[in-house]
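Take a look at the structure below.
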Amino acid sequence: MSGERGSCPGPLAGITVLELGTMYAAPTAGRMLRDFGARVIKVEDPATGDFARQWLPRHNGLALGFARLNAGKESIGIDLRRPEGRDLVRRLAARVDVVLESFRPGRLEEWGLGYDVLTADNPGLVLTRVSGFGQTGPYRGRPGFGTVAETASGYAFTNGWPDSPPTSPPFGFADSIAGLSAAFGTVTALLARSRTGRGDAVDVALYEPLMFILGDSILRYTSSGEIQQRVGNGSGSASPRGIYQAADGNWLSIAASSQSIALRLFTAMGRPEFGDDPRFATNPARMEHNEELQRLVGAWVGQRPRAEVLADLEAHEVVAAPVNDARDIVEDPHFRMRTLVELAGTALGPVLVPGPVVHLDSYPGPLYEGVPGIGEHTVPALTELLGLTPGELAELAGSSAVAPDRTRVP
């Protein structure tokens with residue numbers, strides 16, 4: 001990778017995205033596309049904006065989650081409940097490459113903004129749709145958030161300890177994976193368009209990418225009738241694997257999930273004879289005696305401070321890492337060099353966020369500057385894309401179809 005962030009256009013430069021999505025999954029897809037150079041124009045309710053602006057935690061009045069997903073986007077305030085607002089969106093869709101939406105299936109069609117209508121004006125349009133259960137199937141009309149996807153997909157059932165209830169994560173897990181998948185689907189459709197000239201409809205259900213990741217549990221059941229249960233920090237497929245506490249109270253993970261790594265771990269522990277022990281010589285044997293082996297590994301880790309244990313494991317090429325909290329991540333030189341980027345020009349002050357999840361040798365990445373206010377770019381965007389005059393903007397503002405306080409032309 002060469003150059004400084006923001007020093008060159010990204011591979012999606014020239015692509016314009018109209019983001020109708022709110023909250024998490026669709027805005028995550030918009031963030032991914034923006035990361036690689038697309039112009040992302042976010043449509044928000046002119047009065048309240050995206051509900052994610054109300055999320056906690058907040059700092060200096062700005063929701064941290066909203067800032068992370070929407071930095072660098074433009075915001076236009078359009079009321080989709082009004083015919084004038086829906087007409088604006090239809091006209092905008094005729095002039096962009098991608099429309100991202102996360103309404104319940106059928107809502108766009110009720111508004112006269114279905115794929116057939118939008119592509120009649122713009123045959124090359126990619127319409128990316130993120131919903132709880134997808135655009136087809138018996139559950140298509142059901143509402144869905146990430147928590148529902150995490151339970152419906154089977155994730156929550158398998159997450160946690162055997163004696164604990166099914167557990168969902170305390171962050172937007174399913175939404176984030178669906179957003180990444182939606183971005184991938186969008187770029188795939190854009191690539192196909194470059195060959196055929198025609199757009200496509202991309203259909204992402206919140207639960208499906210997560211169910212794909214959990215696919216082995218489906219295979220297990222359909223092949224043997226066995227239902228995968230909660231196993232805590234183990235994998236249920238290889239041993240030893242887990243999270244262990246060192247003598248100084250800090251935690252670390254070890255993943256000896258292959259035969260060679262398990263043998264190197266035994267050597268690091270000073271117990272190379274475990275490799276010949278019938279209880280631990282093979283992975284099936286280790287799984288059968290997993291509790292005993294976990295106690296032995298835990299006792300060994302617990303004898304010394306974490307840094308010493310990790311140094312010993314690294315010397316023996318055992319897969320291991322500290323259990324990092326946010327401070328550990330921010331202070332780590334690897335993450336500072338490769339992963340974390342500065343979010344500038346906001347009420348948050350000098351802060352860091354994770355940057356693009358994919359690295360290209362030819363593209364150093366974008367700058368992360370500014371979080372748009374509700375409808376901040378209404379006037380310039382509608383003027384540029386639709387050629388609206390000050391009088392037309394004022395008329396729209398008078399009907400409350402657009403943000404009235406954002407339509408004053410200097």
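Taking the conditions (1) of a type outside the set (Phe, Trp, Tyr); (2) in a loop (DSSP other than H, G, I, E, B); (3) within 23 Å of residue 188 (Cβ to Cβ) in turn, residue 69 satisfies each one other than (2). Among the residues making up the stretch 33-46, a single one is surrounded by fewer than 24 Cβ atoms within 10 Å (Cβ to Cβ) and part of a helix (DSSP H, G or I): 35.
A residue that is surrounded by 14 or more Cβ atoms within 10 Å (Cβ to Cβ), more than 20 Å from the chain's Cα centre (by Cα), among the acidic types (Asp, Glu) and not assigned by TED's automatic domain parsing to the domain that holds residue 269 occurs somewhere in the stretch 390-408. If you go through the stretch 206-221 and keep only what is under 27 Å from residue 118 (Cα atoms) and either touching a Lys or Arg at 6+ places or on another chain (Cβ under 9 Å) or assigned to a loop (DSSP other than H, G, I, E, B) (or both), you end up with just 206.
Within the stretch 120-143, being surrounded by fewer than 22 Cβ atoms within 10 Å (Cβ to Cβ) and touching a strand residue (DSSP E or B) at 6+ places or on another chain (Cβ under 8 Å) holds for 134, 135, 136, 140. Residues that are part of a loop (DSSP other than H, G, I, E, B) and in contact with a Lys or Arg (Cβ under 9 Å, 6 or more places away or on another chain) were ranked within the stretch 357-369; the one that is surrounded by the fewest Cβ atoms within 10 Å (Cβ to Cβ) is 359. Hey, residue 13 hits all of (1) surrounded by 15 or more Cβ atoms within 10 Å (Cβ to Cβ); (2) in contact with a Gly (Cβ under 6 Å, 6 or more places away or on another chain); (3) part of a loop (DSSP other than H, G, I, E, B) but one; which does it fall short on? Single failed check for residue 13: (1). Scanning the stretch 384-396 for residues that are in a helix (DSSP H, G or I) and modelled with pLDDT of 95 or more gives 384, 385, 386.
The values are calculated or read from the model by the stated rules, or taken from the named source; none is laboratory data. All values derive from a computational prediction rather than experimental measurement. A quick note on method: Cβ atoms are made from the backbone with ideal geometry, for glycine too, and the neighbour counts reach across all protein chains shown.
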